[in-house]
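Right, one structure below, let's go through it.
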Amino acid sequence: MNKIFASMTLAVILLVSCSPKEPVLTPGIWRAVLLTSDSTEIPFNFELKIAQDTTIEIITGDYRYEVKDIEKRGDSLFINMPLFSSSFALHLTAEGLKGDFLRTSYKMAINAAPDEDWRFVKEPQTPAFSAEGRWLVKLGEKELIGEFSETAGKVTGSFLTPSGDYRFFEGLVTSENRLMMSCFDGGFIRLFTADMISADSLANVKMYSGFSTLEEGSAVRREDAVLPDAYSITGMKKGYKTLGFSFPNLDGNAVSLKDERFKDKVVILQISGSWCPNCLDESKFLGEVAEKYAPSLEVVCLAFERPEGFEAAKAEAMKLVTVAGIKYEVLITGSSPAKLKEVLPELENFRAFPTTIFIDKKGVVRRIHSGFSGPGTGIHYQNFVKEFTTFVEGLIAE
């Protein structure tokens, strides 16, 4: 009898020990891979934090983007990105997470594994060339400027265009002299690859964007490369010096530049939208400007959201207000970005979101800046801040 009991006990132990483990959501650094339409991998890293609430921080170099809207239902995980109308629908497996990244117009398969802090390759690399510096990148008829820094084998930086930058990239140069960099923030999903055929030349350049866009070209090192002057693109139509709009603020009260509160003040007018990745970086910057120069200066945002009508547009605009911590005035135009020229007929050759308009104490438009190149562009951003500060302080001193 004892032998039978012992045998049964051993069988139970073996059955339990051989049973598959229940999938567990593991805190720490994860490596995620998004798949394009041709199965090209776009990798990124995030840190999963499990405390009172579960949060993730998307990591690109020193930049971290916190995501709080996470719901766990059984072995499923639903993540809503703070901006850009994007989300994840994931299933927890023994290997990690698997599912889809969802945008309004497409979805991408995603796999993520825990305890992986590498992006492209695990092992240290010994390339013959460094990617650090400024590169003129040609993708068909399009010209970009790549601005890269390289530290301890890690390459970070961004790409500048006349309408703004591509935000934060991270990657490396492999021992085979292949440059690989990726970017993910829920709005921009990009992969840049190239062969470094010399210290100053890149061949087989490819830029993947989103699910199915692929641009190809070449690049050369050009430390003197510059883009068109961002202050020369958009202007005021002949005969116009001021802007005559009136839009409701978040409380529903009409606001116009003719209001008494703006008398004898410099106004920075931001043309923005919560769907615009560069608008996030600019909003954080303008928040610092508004605080630094109050009460001599006010920042006002004109929000152009894709849903039209006050309530629907306000709900979208509030996403950017929350994430960027905006404390300055936000006005709801109630119009989509496509209708901007109808809403602001005084502007000529409007090209980019965001666009920044400098208005002096008399209400006269003095300068218009197209696009925004944020912190990911390094020296470009630093130079922009210096120039911006000098001009604003000059307007305040008038």
### Task
Looking only at region 331-372, count how many residues are open to solvent by 30 Å² or more (accessible area, probe 1.4 Å), touching a residue at least 24 places away in the same chain (Cβ under 8 Å) and farther than 22 Å from Phe310 by Cα.
7
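Answer with yes or no whether Val226 is open to solvent by 10 Å² or more (accessible area, probe 1.4 Å) and closer than 20 Å to Pro375 by Cα. Let's see the steps before the verdict.
Values: open to solvent by 10 Å² or more (accessible area, probe 1.4 Å): yes; closer than 20 Å to Pro375 by Cα: yes.
So Val226 fits the description; yes.
Would you say Ser39 is at pLDDT below 95 and out of contact with any Cys (no Cβ under 7 Å at 6 or more places or on another chain)? So that I can check it myself, show each step before the final result.
Working: at pLDDT below 95: no; out of contact with any Cys (no Cβ under 7 Å at 6 or more places or on another chain): yes.
No, not satisfied.
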### Query
Limited to region 35-78, what total is found for residues that are in contact with a His (Cβ under 8 Å, 6 or more places away or on another chain) and either basic (Lys, Arg) or within 27 Å of Ala152 (Cβ to Cβ) (or both)?
0
### Message
Looking only at region 82-117, filter to residues that are modelled with pLDDT of 95 or more and among the small types (Gly, Ala, Ser); which one of those is nearest to Pro23 (Cα to Cα)?
### Response
Gly96
### Task
Just one of (1) part of a strand (DSSP E or B); (2) of a type outside the set (D, E, K, R); (3) at positive phi; (4) at pLDDT below 95 trips up Gly157, so point out which.
(4)
### Message
Testing Thr377 on (1) loosely packed, with under 15 Cβ neighbours inside 10 Å; (2) modelled with pLDDT under 95, one condition comes back false. Which one is that?
### Response
(1)
### Message
Going residue by residue through region 360-376, is there one that turns out to be of a type in the set (Asp, Glu) and in a loop (DSSP other than H, G, I, E, B)?
### Response
yes
### Message
Looking only at region 35-55, how many residues end up being outside any strand (DSSP E or B) and within 26 Å of Lys206 (Cα to Cα)?
### Response
5
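For region 234-252, enumerate the residues that are of a type outside the set (Asp, Glu) and either open to solvent by 80 Å² or more (accessible area, probe 1.4 Å) or more than 21 Å from Ala303 (Cα to Cα) (or both). First the steps, then the outcome.
Residues of region 234-252 that are of a type outside the set (Asp, Glu), as a first pass: 234-250, 252.
If the condition is that a residue be of a type outside the set (Asp, Glu) and either open to solvent by 80 Å² or more (accessible area, probe 1.4 Å) or more than 21 Å from Ala303 (Cα to Cα) (or both), then Lys237, Lys238, Gly239, Tyr240, Lys241 are the ones that fit.
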### Task
Considering (1) exposed (fewer than 13 other Cβ atoms within 10 Å of the Cβ); (2) within 30 Å of Leu102 (Cβ to Cβ), say which one Glu260 fails and leave the rest.
(2)
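Looking at Lys327, Lys319, Lys265, can you tell me which residue is charged (D, E, K, R), over 23 Å from Thr161 (Cα atoms) and surrounded by fewer than 16 Cβ atoms within 10 Å (Cβ to Cβ)? Walk me through it before giving the result.
Details: Lys319 fails: surrounded by fewer than 16 Cβ atoms within 10 Å (Cβ to Cβ); Lys265 fails: surrounded by fewer than 16 Cβ atoms within 10 Å (Cβ to Cβ).
It is Lys327.
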## Note on the structure
Filtering region 56-75 down to residues that are open to solvent by 20 Å² or more (accessible area, probe 1.4 Å), of a type outside the set (A, V, I, L, M, F, W, C) and assigned to a strand (DSSP E or B) yields Glu57, Tyr63, Arg64, Glu66, Asp69, Glu71, Lys72, Arg73
### Task
Any residue in region 111-133 that's of a type in the set (Lys, Arg): show its pairings with residues that are crowded, with 16+ Cβ neighbours inside 10 Å and assigned to a loop (DSSP other than H, G, I, E, B) at Cβ separation under 9 Å, as long as the two are six or more apart or on different chains.
Lys122/Glu116
### Residues within region 131-169 that are out of contact with any Phe, Trp or Tyr (no Cβ under 9 Å at 6 or more places or on another chain) and not basic (Lys, Arg), tallied
12
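The values are calculated or read from the model by the stated rules, or taken from the named source; none is laboratory data. All values reported here derive from a predicted model rather than from experimental measurement. Positions of Cβ are backbone-derived with ideal geometry, glycine not excepted, and every protein chain shown enters the neighbour counts. Accessible surface areas use protein heavy atoms only, side chains included; no ligands, DNA or RNA. Shrake-Rupley method; radii C 1.70, N 1.55, O 1.52, S 1.80 Å.
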